[in-house]
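The values are calculated or read from the model by the stated rules, or taken from the named source; none is laboratory data. Quick caveat, the model's predicted, so the values are computed rather than measured. Glycine also receives a Cβ, built like all others from the backbone with ideal geometry; neighbour counts cover every protein chain displayed. Accessible surface areas use protein heavy atoms only, side chains included; no ligands, DNA or RNA. Shrake-Rupley method; radii C 1.70, N 1.55, O 1.52, S 1.80 Å.
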There are 4 protein chains.
Amino acid sequence: MPNSRRPDETRRSERSRQAILTATRELISEVGYGKVSIEAIAARAGVGKQTIYRWWPSRGAVIFDSFLELSLDAGGEGMALPDTGDLEADLKLVMRATAAEFADPEFERPVRALNAEIVNDPGLAAQYREKLARPVDEAKKARLRSAQRAGQLAADADLDLVLEVLYAPLFQRWLHRSGPLTAEYADALVDAALRAFRP
Amino acid sequence: MPNSRRPDETRRSERSRQAILTATRELISEVGYGKVSIEAIAARAGVGKQTIYRWWPSRGAVIFDSFLELSLDAGGEGMALPDTGDLEADLKLVMRATAAEFADPEFERPVRALNAEIVNDPGLAAQYREKLARPVDEAKKARLRSAQRAGQLAADADLDLVLEVLYAPLFQRWLHRSGPLTAEYADALVDAALRAFRP
Amino acid sequence: MPNSRRPDETRRSERSRQAILTATRELISEVGYGKVSIEAIAARAGVGKQTIYRWWPSRGAVIFDSFLELSLDAGGEGMALPDTGDLEADLKLVMRATAAEFADPEFERPVRALNAEIVNDPGLAAQYREKLARPVDEAKKARLRSAQRAGQLAADADLDLVLEVLYAPLFQRWLHRSGPLTAEYADALVDAALRAFRP
Amino acid sequence: MPNSRRPDETRRSERSRQAILTATRELISEVGYGKVSIEAIAARAGVGKQTIYRWWPSRGAVIFDSFLELSLDAGGEGMALPDTGDLEADLKLVMRATAAEFADPEFERPVRALNAEIVNDPGLAAQYREKLARPVDEAKKARLRSAQRAGQLAADADLDLVLEVLYAPLFQRWLHRSGPLTAEYADALVDAALRAFRP
DNA sequence: CCTTAAACGAGACGGTACGTCCTGTCTTCGT
DNA sequence: ACGAAGACAGGACGTACCGTCTCGTTTAAGG
């Protein structure tokens, strides 16, 4: 008997849902992650607390969905990386952009909020991988496959591993604030990865 | 007027300090990071709340110190990696051990607790880098320098970068639970890093 | 604009009405007056909340009607007190029965519930007097009038006052739990009242 | 093991206690009994909710104590009824005053609030009898004993019963709003009681 | 007989209050 | 004098109900 007594999705108020997700995003930006309470979200959204508890199991889930909403608006389906035929140039472009994004304070607060929730919530982490990380990773892997066909990358390279070698150092530096996220650093990561996985 | 009314370190009760740090470690292991409150620590340690607030500025700081205590007991100063002369073999040994450690549930909970605190607290992150990460990283870099002298690693390689390429993918996989931390995976990371930074 | 949008009595579902009143009585007996909520009544009766709000203005009104229902079943119209010709004996019989009834726990909970509602709701109090108290009082007064004709009671006695002197002490003792409701006590009240109002 | 973990009376803040009881009295007068919530009391008193829950087990208990406070201020110890030697005159004076008091709207709301709480809470009812009713009743009984010595009241009369016959009808009329509380009514009750219990 | 409008069950909604837990500060008391 | 014990104001938690408001679904009257 799965889902006994789950609320009826069809009766859900889209207006409330949007108000909640918007209020959540605003609050994270304004007061910072630590002070985003369910009570504050409900008050700002003009919504009863129960309406939040009815549809989300935890504060983390609300925060997550407030992100998902944005990324669906932004990325959508047709996400693709540049493909000029020059893998190194294309990757450096993308990695420099990623480094710049991480350095943007506007971007920083919500992403740290999301990561803080993910660290201790396996379910949320799974959702993160499926709904947010995978689509982006697939776009990146598509570019890498193109490079394999062009002979710029080892044909037998494990693309997940390639992505990790490229991005994980950047992510870790950002998360632990263990060093500056410069363009030079982005380039150095691309160089290292290409040396490791050239044909 | 600097430090007006700062507690007098010399009068600090070592007994209370130990009881607090031990209680913190126990609580993280038993009830999980989210439920570790100052009140619970004080109760478990048989200590007044004020004694905690007097010596630590935040919950994160207590958690951090409870770690530091452990690592000082364990690592101490004379931390060193194996050096058989075979860099690849030595690194694979260490990386496999690291992967195994990350997979150990006993180890997992406290480390996740620590990371959750670090993500949103720059001061704590700095302490983490200085007191916990650096000693370990220095030991690793000592081994890499030995490899450079032996001609097994590019002499001009940025050792911080080498460490990141080696460890960040593992760390990210663990943090986001995005894949299994097997011995094969550890080996693959070592192989990739050595390809990227061979002489 | 009288009665705009008043529900149509003729279409009222008798089945729902009965289910609601029965559920109310059951809940008062089972969980006690304080925990009888509209929501609980609706759930127990298998009825929508709106069906309750459509026909009753307040929780007190539902509780009141659940009583009224019972008393109509029981008393009906032809309620009469024994009349053997001996007023003292007849009154002691009735008063002892009343005292016993008040002492019955089965009887107690619902009557306390009703009184709690009445204390702070004048409208409900009026209904109580009209629908529940008056019929009973009229029957009692009929017996007293018979006694006046038989010369056992002062012809000019205010019968409402006589009833109050008889019953109010019993009621107050029960309400405030200020003493035992024994047969002796019932007799003493009858003796006092008869002394006060003998011809 | 009685009283395990009961709060320490000696550390209690008298300031908070007074603020709570005062706020409670004000709220009952202003918004009426039904809308006096713990939350409203705490807000008005400038007190945390926990400080209320720490010292009182229920809303009723707070309301009760807010009364007790008043009556201690007012009545104190030296409460006594007039004793001119003329029992009938003295009683009529007191009964008329009581009837007038009951008719005063200022007096009415809080007393109804108290009675509503008492009806369904035996513990509170016991406190009411001990702390509020008994001192008053003792003063009344002292006057009646004086009358017995003066030969104005049967020497063997049960004084509790006399008090009930005198006061319960008044109380019941007021509680159920079943009739006007006039001076004539007060006199009639005194007359009836004196007839019932004259020597 | 078939329409049609109501009453119905269900339950989501914006809210209020609940009673609990914890925060960070302040006070008391015993050692 | 120090430190355990814990009361305090405050604030958020997650739950229970409030009374209102749709939703489809009976259901019974009247055209």
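Numbers at a glance
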| item | result |
| --- | --- |
| Qualifying residue in region C:97-111 (condition: touching a Ser or Thr at 6+ places or on another chain (Cβ under 8 Å) and of a type in the set (S, T, Y)) | no |
| Residue count, region D:28-47 (criterion: part of a helix (DSSP H, G or I), within 12 Å of DNA strand E (Cβ to nearest atom) and at pLDDT 95 or above) | 7 |
| Test for D:A40: is it surrounded by 20 or more Cβ atoms within 10 Å (Cβ to Cβ), free of Cβ contacts under 8 Å to residues at least 60 places away in the same chain and more than 15 Å from C:N120 (Cβ to Cβ) | no |
| Region D:74-91, residues that are open to solvent by less than 70 Å² (accessible area, probe 1.4 Å), modelled with pLDDT of 90 or more and not aliphatic (A, V, I, L, M) | D:P82, D:G85, D:D90 |
| Helices (runs of 4 or more DSSP H) fully within region A:90-199 counting 3 or more residues that are within 13 Å of chain B (Cβ to nearest Cβ) and farther than 26 Å from B:D187 by Cβ | A:105-119, A:122-127, A:183-197 |
| All positions within region C:47-73 that are within 16 Å of DNA strand F (Cβ to nearest atom) and open to solvent by 80 Å² or more (accessible area, probe 1.4 Å) | C:K49, C:Q50, C:Y53, C:R54, C:P57 |
| Those residues of region A:92-113 which are open to solvent by 60 Å² or more (accessible area, probe 1.4 Å) and in contact with a Pro (Cβ under 8 Å, 6 or more places away or on another chain), in sequence order | A:L93 |
| Count of residues meeting criterion [of a type outside the set (A, V, I, L, M, F, W, C) and either near DNA strand E (Cβ under 10 Å from one of its atoms) or in a helix (DSSP H, G or I) (or both)] in region C:48-84 | 13 |
| Positions within region D:1-27 being part of a loop (DSSP other than H, G, I, E, B) and at pLDDT 95 or above, in sequence order | none |
| Considering residues of region C:3-38 that are farther than 16 Å from C:A61 by Cβ and among the acidic types (D, E) only, the residue farthest from the other protein chains (Cβ to nearest Cβ) | C:E14 |
| Boolean, D:A89 is under 29 Å from C:I118 (Cα atoms) and free of Cβ contacts under 8 Å to residues at least 40 places away in the same chain | no |
| Some residue of region A:141-156 being in contact (Cβ under 8 Å) with a residue 60 or more places away in the chain, closer than 30 Å to B:Q127 by Cα and either buried (at least 18 other Cβ atoms within 10 Å of the Cβ) or of a type in the set (D, E) (or both) | no |
| Selected residue (only one of D:E164, D:E184 is surrounded by fewer than 14 Cβ atoms within 10 Å (Cβ to Cβ) and under 25 Å from C:D137 (Cβ atoms)) | D:E184 |
| Residues of region D:14-27 classified as closer than 21 Å to C:N120 by Cα and away from DNA strand E (no atom under 12 Å from the Cβ), total | 3 |
